[in-house]
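Student: Handing you a structure now.
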Amino acid sequence: QVQLVESGGGLVQAGGSLRLSCVASGTIFSINFMAWYRQAPGKQRELVAAITRAGNTDYSDSVKGRFTISRDNDKNTLYLQMNSLKPEDTAVYYCKCNARTRDLVYFPPNDYWGQGTQVTVSS
C-alpha cells in the first residue's frame, strides 16, 4: 500500500503564499504521475496541477502562472508552491499519485489519495 500525507496548509491573506508538501510512503516500487486536486465547499473536486515522473507539468487555467508543481523522486515527495493566492483558492487540497507497489509489480498501477490539507485565503 501507499500512504500520502499532505502538509503546509493554513490561513493566509490574499496575495500571500503557501507551499504544500505531500510525502508518499509504503511498499512503493515506482510512482508515475502525481497531482494536486482541491475541493471547495459545495463544489466538485478539481485538478489543480499534475506532474509526470520526468517532470512534465500541467495546470488548470485558474492557477496557471501563480502555482508551481514540483517533485523530488528520490524523496517520493510532491510540492505545490502557491503564490498570489486569492480567496477563491480556498479549499481542501488533496495529493494523488499513480503508483506500483513492490508486491504488485506486474499489475497495473493504482491511484492513491492523501487525507487533504485545508487552505484558507482571507480577503
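The values are calculated or read from the model by the stated rules, or taken from the named source; none is laboratory data. Just so we're clear, the structure is a prediction, and the values are computed from it rather than from any experiment. Note that each Cβ is placed from the backbone with ideal geometry, even for glycine, and that neighbours are counted across all protein chains shown. Side chains are part of the model used for accessible areas, which takes the heavy atoms of the whole protein and leaves out ligands, DNA and RNA. Shrake-Rupley method; radii C 1.70, N 1.55, O 1.52, S 1.80 Å.
Student: Do the conditions hold for Asp72, that is, is it loosely packed, with under 14 Cβ neighbours inside 10 Å and of a type outside the set (Phe, Trp, Tyr)?
Tutor: Details: loosely packed, with under 14 Cβ neighbours inside 10 Å: yes; of a type outside the set (Phe, Trp, Tyr): yes.
Judged against the criteria, Asp72 is a match.
Student: Mind checking which residues of segment 75-117 are within 12 Å of the chain's Cα centre (by Cα) and either loosely packed, with under 14 Cβ neighbours inside 10 Å or basic (Lys, Arg) (or both)?
Tutor: Lys96, Gln115
Student: Has segment 77-87 got any residue that is at pLDDT 95 or above, part of a loop (DSSP other than H, G, I, E, B) and touching a helix residue (DSSP H, G or I) at 6+ places or on another chain (Cβ under 8 Å)? Write out each step before concluding.
Tutor: First, pick out the residues of segment 77-87 that are at pLDDT 95 or above: 77-87.
With part of a loop (DSSP other than H, G, I, E, B) added as a condition, the list becomes 83-86.
Then drop every residue that is not touching a helix residue (DSSP H, G or I) at 6+ places or on another chain (Cβ under 8 Å), which leaves none.
There is no residue in segment 77-87 that is at pLDDT 95 or above, part of a loop (DSSP other than H, G, I, E, B) and touching a helix residue (DSSP H, G or I) at 6+ places or on another chain (Cβ under 8 Å).
Student: Out of the residues in segment 27-54 that are open to solvent by 20 Å² or more (accessible area, probe 1.4 Å) and touching a helix residue (DSSP H, G or I) at 6+ places or on another chain (Cβ under 9 Å), state the one that is farthest from Arg71 (Cα to Cα). Can you show your working first?
Tutor: From segment 27-54, those open to solvent by 20 Å² or more (accessible area, probe 1.4 Å) are 27-30, 32-33, 37, 39-47, 50, 52-54; that's our starting set.
When the remaining residues are screened for being touching a helix residue (DSSP H, G or I) at 6+ places or on another chain (Cβ under 9 Å), the result is 27-29, 40, 53.
Numbers: Thr27: 19, Ile28: 16, Phe29: 16, Ala40: 24, Arg53: 8 Å.
The extreme case among them is Ala40.
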